[in-house]
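Engineer: Take this structure, written in structure tokens, and hold onto it; I'll ask about it next.
Please treat every number below as a calculation from the coordinates, not as lab data. None of these values were measured; they are calculated from a predicted model. Neighbour counts run over all protein chains shown; Cβ positions are idealised from the backbone, glycine included.
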């Protein structure tokens, strides 16, 4: 499945999101950054609501924020399929998993490229999605980090005992997509920097 990130769309955002929504992608991926957990800051809910509330594709929300609960409360209005937060936040992970589930939203946990995959193990029975960052979070258009591949392999190996999907995010294009086995691929600039979104999506699929 392809989850298309709108992070790299620089102009005519509303029109281009509409074009993206009319392709055969599986999800619209929203990268939400607070300028604290990562250096960059992206949209607040008021900006995003106007852009994506009326799109037909399911929403996949990736929170790169310190105060996860605050952002869950803001973004649940979009009725996303998934809200994913980072294992590296200094908060009660079990509380956050349960809090997101109580909103009727599937919950994902993300890890940065240098985070040990074993730190996820206690939470695997409880979550719906594991998002492995294949670049450092916070910036679009980075190069795929190949050293992350064994982590994804390990999660694929463990997956038969659980019910989570694997998602990879960062540097995914028509070359790197075949290097890593995942259920969902987050793709940004490879699609949105092109003038033919559907053609690029076809290349990936």
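Engineer: Taking neighbour counts of Cβ atoms within 10 Å as a proxy for exposure, in what order, fewest first, do 55, 42, 175 appear?
Structural biologist: Neighbour counts put them in this order, fewest first: 175, 55, 42.
Engineer: Something else about it: Kirkwood hydrodynamic radius, the stretch 36-146, all distinct C-alpha pairs: what's the number in Å?
Structural biologist: That comes to 14.7 Å for the stretch 36-146.
Engineer: Set the Förster radius R0 to 30 Å, insert the Cβ-Cβ distance between residue 54 and residue 91 as r into 1/(1 + (r/R0)^6), and round the FRET efficiency to 0.05.
Structural biologist: According to the calculation, E is roughly 0.40.
Engineer: Going by Cα centres, the stretch 151-182 and the stretch 24-69 are how many Å apart?
Structural biologist: Each part reduced to its Cα centre gives a spacing of 22 Å.
Engineer: If you don't mind, another one. Can you put 86, 29 in order, fewest other beta carbons within 10 Å first?
Structural biologist: Lowest count first: 86, 29.
Engineer: Shifting gears a bit: Work out Dmax and Rg for the chain from the C-alpha atoms and quote the Rg first, both in angstrom.
Structural biologist: 15.7, 44
Engineer: Shape verdict for the stretch 149-205, please, from the Cα gyration tensor: rounded (a/c under 1.5), prolate (a/b greater than b/c) or oblate.
Structural biologist: Note, shape of the stretch 149-205 comes out prolate.
Engineer: Which residue fluctuates most in the GNM of the chain (Cα springs below 10 Å): 104, 171, 188?
Structural biologist: Comparing 104, 171, 188 in the GNM, the peak value goes to 104.
Engineer: Could you put 118, 8, 193, 110 in order, starting from the residue whose Cβ has the fewest other Cβ atoms within 10 Å?
Structural biologist: Ascending number of Cβ neighbours within 10 Å: 118, 193, 8, 110.
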